[in-house]
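Scroll down for the structure; my scribbles are underneath it.
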Amino acid sequence: MMFNPPQSSAATPFLLPHTTTTPEVVALCRHAGLAFVNGAERWSKRHLTDWLSGAYRDCAGAGRSSSGSWSPIPLLEEIDSRMVVRLLQVSSTEVRDVLTKVAAEGGHSFGAAMRESDLVRPCRDLAGRIGYVPTYGARRLAEMVLALFGADYLTRPSDYELELSMCRYCGTTDFDLEARTRGHCERHESAFGLRRLDGTMTLLPEGA
C-alpha cells in the first residue's frame, strides 16, 4: 500500500452538515466500496464515470466543503476505454488483496496506514458521533476505493474483524458472519465452484 503523506489538518474533526450523520456517511462508504470491488472487473468507462460522479462523490464530498468543483469526467474523457478497463482490473485486484489481508490478519496495519495518510479525516455529527470520511486526497483509483473502506474501518473496526468475508470461489466481498465462517458466499451455499484453466466457472453439487 502506498498512501500520500499526512496533512496537518487531518487530526482535527470537522462538523458534518446538519442533515448528515456519521452512520449514514460510513454506510455510503461501505456501499460504494463494495459496489466497486464486486463489480469493477466487469465495468466499462461509463460505469466508472457514473460511480465516481455518484457513489464515490457522495462519500468523499462529505469531507470537503467545496466538492462542487471536483469532477472525474474531464479526466476520463482523455483516456482510452481499453486503458480504463485495464485500470479497473488492476485497481480491483489491489483493493481485494488489501481486504483479503485485513480479513486474514486483522485491520490494525491498514487502519494505522489510513489514519496517517491524507486519504481520510475524522468527523463528527451534531449528535457528537465521531467517525471518518474520505477526502479527495487520493491520486490513484485504488486509493480512492481503499479510502472508502478505510473510513468505514476506522469508524466501526469490529465489523471488519468479525464479519468481513470473501468467497473462496468467486471473490465476492461482503459483511456476513455466516459467509465468513463458511468461507464462501450464499451463491455457493449448496454448490462448489471449480475454476477451470480457461477461467470459466463450473458448478458442481455439494459432495460431488
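Coordinate-derived values only; no laboratory data. Note that the structure is a prediction, hence the values are computed from the model and not measured. Neighbour counts are summed over all protein chains in view; Cβ atoms, including those assigned to glycine, are modelled from backbone coordinates with ideal geometry.
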The answer for residue 123, listing residues at least 5 apart or on another chain whose modeled amide H is closer than 5 Å to its amide H, is 14, 131, 132, 133
Determine, for each peptide in 177-185, 145-153, 48-56, the mean count of other beta carbons within 10 angstrom over its residues, then list the peptides with the highest first. 145-153, 48-56, 177-185
Per segment 8-162, sqrt(5λ) over the Cα gyration tensor eigenvalues, sorted largest first, in Å, gives 25, 19, 13
Return the sequence-ordered ³J(HN,Hα) values of segment 107-122 in whole Hz as given by the Karplus equation 6.51 cos²θ - 1.76 cosθ + 1.60 applied to θ = phi - 60°, using x for Gly and Pro. x, 4, 5, 4, x, 5, 5, 5, 4, 8, 8, 9, 7, 9, 8, x
